[in-house]
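**Q** Have a look at the structure that comes next, please.
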Amino acid sequence: MGRLGLLVGALSARLALLLAATCVCLLPIAGPSQLPLGSLRALNIGQRSPGRDPGHTPVSGPIALPPATTPGLPAPSTLTAGPLSSRETFGFAPYWTLDDETSFDVSELTTIAYFGLNALPDGSLDKSGAGWDGYESQDLADLTTRAHAAGTRVVLTIVCFDDATLEALSDSTAAQQRLAANIATAVQAKNLDGVNLDFEGSGDGFREPFASFVDNLSDDLHADDPDWQVTLDTYSSAAADDGGFYDIAA
């Protein structure tokens, strides 16, 4: 999942696109450099703890995170209703790093994305496995409270790396509406501030339907809350690839 990225063009309050390049290392946040106006820096903010393997690779089974008993505090309206920063520093907090969340330096981040929950072909969310355990954890609630106190948004990453699932979602209005409703419920339940879509497909067989799907999803989510931040991760080559999976111009 590790990502480094740059924003395509100026940040939009509607839908921002993240150009994603793979990065296998986990990067601590310590004084990130300033980027040009309208740009975005995306980082994996999990820090390795002593004794962990160098890659700190994700796990697929249950993780030992206590379930939340105290919800994360919501962001103040001055944060959620305000415009996005002209210099956006976007950090990913994967489920497999949440046990280290107290070490995350959130002070210079503008957005943290919890990674993440998997989208299913019918528009439901997978409520099992390590990603769901992290979503339900006290660690995420505590990170949300701490980030909001520092003036940092927290969003939920929705994940799909399967072409068949992405095609099914792109082809079904009912599944798209169900997914939007399920995402909205998941965001509201944890007092989060929007969603990051990590949808990674291949080829151009359903390029146009996928672009319409993402646009519809963004519209549906903003109908629930116009102040939510909605972002889409893309490949680093997407802006120059006129025939690839992502139609950036759309």
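**Q** What per residue convex hull volume, in Å³, comes out for segment 72-126 when only alpha-carbon positions are used?
**A** 142
**Q** What distance in nm separates the two pseudo spin-label positions at Ser86 and Asn191, each 7 Å out from Cα along the beta-carbon direction?
**A** 3.2
**Q** While we're looking at this one, here's another question. What residues have an amide H closer than 5 Å to that of Thr231, excluding those fewer than 5 places away on the same chain, when H is modeled at 1.01 Å from N in the peptide plane?
**A** Counting only residues 5 or more places away or on other chains, the set is Ala16, Val195, Asn196, Leu197.
**Q** Quick one: give the max-minus-min coordinate of the C-alpha atoms of segment 147-250 along each principal axis, largest first, in Å.
**A** 43, 30, 21
**Q** Work out from phi, with θ = phi - 60° and the Karplus expression 6.51 cos²θ - 1.76 cosθ + 1.60, the ³J(HN,Hα) of each residue of segment 116-125, listed in order in whole Hz, and give x for Gly and Pro.
**A** x, 10, 8, 7, 10, x, 8, x, 7, 10
Where a number appears in this text, it was derived from the coordinates with a stated rule and is not lab data. Nothing here was measured: the structure is a model prediction, and the numbers come from that model. Cβ: placed from backbone, ideal geometry, glycine included. Neighbour counts: every protein chain shown.
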